[in-house]
Structures are given as structure tokens and as C-alpha cells.
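Peer 1: Quick one: this structure, given as C-alpha cells, is what I'll be asking you about.
The values are calculated or read from the model by the stated rules, or taken from the named source; none is laboratory data. Please read these numbers as outputs of a predicted model, since none were measured by experiment. As a convention, Cβ positions derive from the backbone with ideal geometry for all residues, glycine included, and neighbour counts pool all protein chains shown.
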Amino acid sequence: MAKFVDGFLYTLLELANSLAKFRFPPLPNEPLFMTATSTLSQPPASPHDMLAAEILIPTPNATFPTPYIYISNRNDPSPGGDTIAIFSIANPDTLDLVAEVRTGLKNVRGMAFGGPDDKWLVAGGVTEGGVKIFERVDGGKGLKVIAANEGVRAPAGFLWV
């Protein structure tokens, strides 16, 4: 998966659990690789079954003026469940991990932002945990659970209506 923001392409490398950043200058110049980093604060030794799954970059707005990247990491063996990693993209030369939120979900697949100013993030655990809704806190640098429904089976995608 990839997202393009302000002249940069952010690419999620699922099998490598990595996030890469490329600068796209005006043509005829070639794209320039800037950096890559793990989507996990403490990557396990290889081989492992953990995979990055989803990349979201909500559009900045009045409530959340600073852009952040939200990455889901699935198949974490921790009892706290899979993680959502939050990266700052304020520095054009780096990708800075600012938070890693344990979800209590297993095999996090789909995620989507919604509500006024994209205040809420919904995520689902395909194999365990159902659906949880998180509220963005600390200007978007953090997430806290505000609602959960563990009875939902195998959620993999969401649409705010």
C-alpha cells in the first residue's frame, strides 16, 4: 500500500514490516528514496509471522493540524494484541515513531478514520477481539479505546456513513 502527501510517497512494505519514504520532485527529476524504518518498536527476530497491514494518513484539519501516519501491525504474539504504530512526518528527512498502541485485537486488518475532523479510528481483529473504536488524543499522537464490540466476527473493512 502507498499514500502520497505533500510531494512524498509513503509505502508500507507488508512482508518486511517497514515504512519507506520517497521524495517526488517535479519532472523530469527522478523520485528520491529518503528513508525506511520498521513499523515495530521492537521487531522480533526473523523468521516471524508478524505483518504490516494498513497505512492511513488522515488529512490535517482544525482539530488535528499535524499529520501523522497510522500503521496496523498484525499477528503480534503479545497478550496485549496487535499494535497500531503512529509516525510523525513533520521532519521531511525522517520517519519518527511517536507511539505504539496495543489494540487488544488479533490479526488487525481493516482500519478507517471517521467522525468530525476524523476524530475516531475504527479497527477490527479478524481472528479475535471484534471491533474497537479509538479516539485520537494528544493532537493525534495517541489513541484511546472509547467503544468495543467483541461479538463481531472477522471484521476486515469499514466504511463511515
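Peer 1: What is the residue count in the stretch 129-161 for residues that are at positive phi and part of a strand (DSSP E or B)?
Peer 2: So the count comes out to 1.
Peer 1: May I ask you to verify whether Phe64 is modelled with pLDDT of 90 or more, surrounded by fewer than 20 Cβ atoms within 10 Å (Cβ to Cβ) and touching a Phe, Trp or Tyr at 6+ places or on another chain (Cβ under 6 Å)?
Peer 2: No: the conditions fail for Phe64.
Peer 1: Out of the residues in the stretch 104-128 that are under 12 Å from the mean Cα position of the chain (by Cα) and small (Gly, Ala, Ser), which is surrounded by the most Cβ atoms within 10 Å (Cβ to Cβ)?
Peer 2: Filtering the stretch 104-128 for residues that are under 12 Å from the mean Cα position of the chain (by Cα) and small (Gly, Ala, Ser), the one surrounded by the most Cβ atoms within 10 Å (Cβ to Cβ) comes out as Ala123.
Peer 1: Sticking with this structure for a sec: Would you mention how many residues in the stretch 90-103 are touching a strand residue (DSSP E or B) at 6+ places or on another chain (Cβ under 9 Å) and surrounded by fewer than 19 Cβ atoms within 10 Å (Cβ to Cβ)?
Peer 2: Initial filter on the stretch 90-103 (touching a strand residue (DSSP E or B) at 6+ places or on another chain (Cβ under 9 Å)): 90, 92-103.
Adding the requirement that they be surrounded by fewer than 19 Cβ atoms within 10 Å (Cβ to Cβ) leaves 90, 92-94, 96-98, 100, 102.
Of the residues in the stretch 90-103, 9 are touching a strand residue (DSSP E or B) at 6+ places or on another chain (Cβ under 9 Å) and surrounded by fewer than 19 Cβ atoms within 10 Å (Cβ to Cβ).
Peer 1: Given the options Val101, Val108, name the one that is touching a Ser or Thr at 6+ places or on another chain (Cβ under 8 Å), within 21 Å of Ala52 (Cα to Cα) and modelled with pLDDT under 95.
Peer 2: Val108
Peer 1: If the requirement is being under 30 Å from Met34 (Cβ atoms) and without any contact (Cβ under 8 Å) to a residue 24 or more places away in the chain, which of these qualifies: Asp96, Asp118?
Peer 2: Of the residues listed, the single one that is under 30 Å from Met34 (Cβ atoms) and without any contact (Cβ under 8 Å) to a residue 24 or more places away in the chain is Asp96.
Peer 1: Also, quick follow-up: In the list Ala20, Ala53, which residue meets the criterion of being surrounded by 19 or more Cβ atoms within 10 Å (Cβ to Cβ), small (Gly, Ala, Ser) and part of a strand (DSSP E or B)?
Peer 2: From the options Ala20, Ala53, the qualifying one is Ala53.
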